[in-house]
Amino acid sequence: MGGLWHNQGHGTILVQLLVLCCAVGCRPSGPVDLPTSPLKCVQCQMTIVDQRFAAQVHTQKGRVLFFDSVECVRQYTVEHHDQIRRVYLRSFLNPPRWIDGTEAWVARWSGIRSPMGGNLAAFASEEEARAWLESMGAAAGDFAIQRWNELTSLN
Ligand SMILES: [Zn+2]
C-alpha cells in the first residue's frame, strides 16, 4: 500500500479514491458518469449500448438508476413519480453531457432511431432540436418537440 503513494500518479489515485468514496457514500448532487461496465436499463433490462439515448434517475432515497432510452425513463418517471428526485437525460448531440430534466427538451422524429423504437432524443433547448431536425431534412409536420416535463405529465 505504501508504495502506491510514492509513484508518479499518486495525485490521480487520491482524486480517484475521493470520487469513488463520494459515489458510494453520499447522495450525488449532480449527474454521475455512466459506469464503464455493461449496464442494463432498469425499465426494459436491455443493455445500454448507444449512450446518446441514455438517462439516469436519482431517487428520493439516493439511488441512481440508469436507462437505455428516453422512452424507458419516461415510462419509469410516469410510474414512479413520487419516488424521483431528479432526472438527467443524455444530450443526443453532445453525449458526454447530461441535461437536467427540468431544462431538457425531447424531439420525436422518425429519423431518430432510438433503442425502444419511440424515436425520441433529448436536446438542451428547443432551438437546438429544431436546428438539428432541419439540418437533417425533417419536414415541419413530421416532428414534435416538447419539454421533458410536459412529456412526463401527459399520462
Ligand atoms: Zn430500456
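Coordinate-derived values only; no laboratory data. Because the structure is predicted, anything quoted here is derived from the model rather than measured. As a convention, Cβ positions derive from the backbone with ideal geometry for all residues, glycine included, and neighbour counts pool all protein chains shown.
Some notes on this structure:
- Cβ crowding within 10 Å, taken as a proxy for footprinting-reagent exposure, orders T59, T36, T77, T102 from fewest neighbours to most as T36, T102, T59, T77.
- Calculation over all alpha carbon pairs of region 31-152 in 10 angstrom steps from 0 returns a P(r) of 14, 49, 30, 6, 0 percent.
- Extending 7 Å from the Cα toward the beta-carbon at both H81 and D100 defines two label points whose distance is 2.2 nm.
- Under 11 Å, Cβ to Cβ, from V106 - net charge with Lys/Arg +1 and Asp/Glu -1: 0
- For region 90-155, the Cα gyration tensor yields ellipsoid semi-axes of 17, 14, 12 Å (square root of five times each eigenvalue, largest first, whole Å).
- The trypsin sites (Lys or Arg not before Pro) of region 63-93 meeting both criteria, a DSSP state outside H, G, I, E and B (loop) and at most 15 other C-beta atoms within 10 angstrom of the site's C-beta, are R63.
- Ordering M116, M46, M136 from the fewest to the most neighbouring beta carbons within 10 Å gives M136, M46, M116.
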